[in-house]
Amino acid sequence: MLPLLLGFSKTFDKGKYPFQTFIDVIKTRNNRLVHFKPKKEIELSGQTVSQEYFGDLINNIELAMKYFQCITDMIKELNRLTGGKTDIPNFLNGVRYTSTIWISLESSWEIKN
């Protein structure tokens, strides 16, 4: 909705990549990672399991790369749809994220030997 709220006429095409994969990312996050229910993961003999086993899911590097690429593409598509009014973070352009923390030596902390 953000592009529409900013006055642009188009938003994500909900039937295409990257939006479809983004929906999958959200479902996987909500149903399998954050709100994980171990009892649902138990395989009963003779039953077909419709979901990837949790242990296999969290070790699926290809899926992680697919999801990361999707998020990258969603951010870039949002930037395109908003005519550049949304930023593309530097880390998506290959710039390493670094943070600086300044610590004053004149703090109230005591250094004890």
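A short reminder: the numbers here are calculations on the coordinates, not readings from a lab. Treat the numbers as computed from the prediction; the structure is a model and nothing was measured. A quick note on method: Cβ atoms are made from the backbone with ideal geometry, for glycine too, and the neighbour counts reach across all protein chains shown.
What distance in nm separates the two pseudo spin-label positions at N59 and L4, each 7 Å out from Cα along the beta-carbon direction?
The answer from the label model is 4.4 nm.
Could you check the simple spin-label distance between Q69 and I88, using points 7 Å along Cα→Cβ, in nm with one decimal?
1.7 nm
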